[in-house]
Amino acid sequence: MPKYFSSTLFVRLLALTCAATAPFASAQTTPSPITGQSGYTGTSITGANQSEYCLDPSLGCMTGMPLNGNNQTGLPVSGSGIGINGYGNGFGQNYGSQYSQQSGNVYVDSAGFPTTNNQNSQTPLGPQPLTDLQRLARESTGVLLPIFGQDLFSKPPSTFAPVDQIPVTPDYVLGPGDEVLLRMWGHNSLNARLTIDRTGSIYIPQVGSVHLSGMHFAEIQPLLQKELSRTYKNFEFSADLGRLRSISVFVMGESRRPGSYTVSALSTAVNAIFASGGPTQQGSLRHIEILRASKVAATLDLYDFLLNGNRTTDIPLQDGDVLFIPFVGPQVAISGAVRHPAIYELPTTAPASSALPATAPVAATGVSVDDLIKLAGGFTSTAAASRLSIERIENHRERRAITIALDAAGLATKVTDGDVLRADSVLRGYRDSVTIRGNLANSGRFPWHPGMRLSEILPDRESLLTPEYWQARNRLGLPTPLFQPAPAPPVTAPTTPGRVGANAGNTVANQMNVPGSSVPADAQVITGVDSAASASTSGPTRLVGATEQRDEVLPSAETRAGASAIAEQQESAADRLMASNARRTDITIAAPEIDWSYAVIERLDANTLRNSLIPFHLGRLVQDHDANEDKELQPGDVITILSQSDIHVAQDEQTKYIRLEGEFGSSGVYSVAPGETLADVVKRAGGLTRNAYLYGASFTRESARVLQQQRLDEYVTSLEQQEERVGSIRAISATTPYGASQTAEERAQLEQLRKLRATGRVVLEFSPNSAGEAAVPAIPLENGDSFRVPSRPAVISVVGSVYGQNVFLWNGSRRLGDYLNLAGKPTRIADKSRSFVIRADGSVLSKQTVKSGLWSNNFNALLVFPGDTIVVPEKPIKPTMLRNFLDYSQVLSQFGVGAAAITVLK
């Protein structure tokens, strides 16, 4: 059915319904002509929005409503009242008596009242200043005490239901502005929202006016039953209250937001106090008065509400009531071992006879110490229930300290305004007990008895194994979690099969500049390795051990401080060839070892209160059961068991693990016996294999690494300070961007230096012909030492500013110059005078240290051993002659200006 047709039929039916219900015409407002607008009640409407389908003007119905205008979308027809759409009616605010009679419609009689209540907009309250008693109590106790009850208003809840939406009590008194919801069904039906007008009555269609103002809500049901029975028969009905009227009250005195408030008629005194933000710090919570007709209707004590939940004095408010918050009465502070330390207001006596409230504090009643302790919730479980300290102000002149016993007489002591009470806690010490702590299974306290000795609390070795030790050991048996490793990104750079050299590197470098290439512009091209090795270095290598899982990024050559030995290079290559998800099992000390040679008893002398230390030998006590070490204990003793991580013990007493890797008979991790050297451990490991290359061995030590890193950081720091001084001079004297660019370049180089990490390598000075375990030095070992012996390499590397960087097979008959010739010789920008050789053992031999004759080059005649690397650096970029000339001329000109200035001053 077309929309136009359905709307036309609906309007005609509505017109017939309005014409058939003539008694409702008395509830309409006086029609008035409205021109040029649609959707208002009137006798006529003129303008473009007129329609031939109108309701009967004599009934006050709609006139001139367009069928396809805005009123068909539910917008209000009369003001913001009833709107009509294709499904029914919408309701909004009504400022006149409106109604619509149709199936399911509601008769609305607002009696001229607005349909929404005034809402009191409030801004957040800031913190309140401290009172004098708060400052005084903080000076005495060191703690800032709150004022009891103020936290109730500091953060009011935002999730409670509005007071005008709660159920109405039977004793609620109706008044003008209250809305009555009247529903009738049976032989006749009626659904009406009726507002009590200013005369106190409601108007019921076909019944007339019914006076309800001043009646309790429980009394209107029988009255409406009687009035409706005069007109209707055989019906049922229900009467309830809808929107409630608003009343205006005043909150004055020491309120945080004094003024006039429009609240619901269901509001009580507590609701109004919450709306005003509560009393100030100087306002009373115990003597809030509700004034009605200039007389005190009730006195509200919020302490009774906060402590006991009693709201008997919280009376409902009426229109025009005044809530007066006087100044606070006498206050007392209590701190220490009570459940609720705070500042409390004492109960006061009301004025003898007064129509208006007193504005000054009134006299306090007799409040005892016992009463105040009850206000604070009583003592805590740690309170020393023997005495109480009181600080009192005498006659507003001086302060005096009082100590009372917590007996019947002391608890009956009266408190006065300004008193500061402090309840002490029990002593913190333990009586007749000894304490044991440190590196052992169970720390704790044990009861002391006469003749108690150390062996009673340290019975055996198992008592010295810490929970951390067992936790680390228990993790060893956990199954390895299943996971799916992420695949490595594919390597798209083409490489030449077989021998890979400088041409392959140039091919990749050229491809990086080709548009659409899959190789990123900042990718690092590694020459001299195949694609598989390159792919393995594409991301961090995950090393998963049996005891722990960790992500480790293998340090590259750029991040290692110093030249690396051939053993480190072979290890790095092996790690890169290892799969990214390969598991690595490590053997470490599970927990710090026990210091068997030293443990101590801390003892406090009862007479002098001085501490002393009594050491004993833990190993002799626990392992040998030496009676001389079984010390007798005294009450309060503290026994401390130390570990090797607490105190650095002698080398022979330390537990040491050393890692042997590479060309050994049995590579692995070995424990070091006291006095055992590196040569001894190598012999225990089966000696060296025939492929061992001691000249390229690497020996690392953790203590050496820490020292090297410290020295490296100090050196970089000194360079940074020097760069800052030079940079400031350049900033003053620079006339071109050259100085700024040079400073930025130097800072970038310093940042790279800061990333360098020391390796902890110790050079053992093997010769190229060193072989066999007899050549291994007998040096003492430390925990964490690592000795790597590589296999004899067969290659020589030439890198740097040469035409063909590459790796060549080693030939004993060739010299250093021969390998440079194989690499194409140095380039035009090569700094040949600063060439150097990195030996297989990690040592560096530069050309400057090799003496050459006038017609001979002894550096090129050097012997090269397997695993050596020849490096030819580039020449540094120097400023041009013009740049130097400008710098010198600027300096000279500044000297001239300075001299001229001195001459003028003279």
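What to note about this one:
- Hz values of 3J(HN,Hα) by residue in the range 674-688 - Karplus curve (6.51, -1.76, 1.60), Gly and Pro given as x: x, x, 7, 10, 5, 5, 5, 5, 5, 5, 5, 7, x, x, 9
- The trypsin sites (Lys or Arg not before Pro) of the range 176-228 that meet both conditions, a loop assignment by DSSP and at most 15 other Cβ atoms within 10 Å of the site Cβ, are ARG198.
- Vicinal HN-Hα couplings computed from phi for the range 585-595 (Karplus, 6.51 cos²θ - 1.76 cosθ + 1.60; Hz; Gly/Pro x): 9, 10, 10, 9, 6, 5, 8, x, 6, 7, 8
- Here the Karplus curve 6.51 cos²θ - 1.76 cosθ + 1.60, taken at θ = phi - 60°, turns the phi angles of the range 657-663 into couplings of 10, 10, 9, 10, 10, x, 7 Hz, with x standing for Gly and Pro.
- For VAL802, the residues 5 or more places off, or on other chains, whose built amide H falls under 5 Å of its own are THR827.
- Amide H contacts of ASP626: LEU621, each under 5 Å away and 5 or more positions distant or on a separate chain (H built 1.01 Å from N in the peptide plane; Pro and chain starts excluded).
- Across LYS851/LYS875; LYS825/LYS875; LYS825/LYS847; LYS832/LYS875; LYS155/LYS374, pairs whose alpha-carbon gap is larger than 18 Å: LYS851/LYS875; LYS155/LYS374
- In terms of packing, defined here as the mean over residues of other Cβ atoms within 10 angstrom, the peptides 167-174, 667-674, 266-273 line up highest first as 266-273, 667-674, 167-174.
- A DSSP coil position with no more than 14 other Cβ atoms inside 10 Å describes the following trypsin sites (Lys or Arg not before Pro) in the range 755-813: LYS755.
- For ILE147, the amide hydrogen comes within under 5 Å of the amide hydrogens of ILE343, counting only partners 5 or more places away or on other chains and with H modelled in the peptide plane.
- For the range 401-448, trypsin sites (Lys or Arg not before Pro) meeting the loop criterion (DSSP other than H, G, I, E, B) and having at most 11 other Cβ atoms within 10 Å: ARG428, ARG431.
Where a number appears in this text, it was derived from the coordinates with a stated rule and is not lab data. Everything numeric in this text was worked out from a predicted model, so none of it was measured. When we count neighbours, we look across all protein chains shown, and the Cβ atoms used for this are built from the backbone with ideal geometry, even at glycine.
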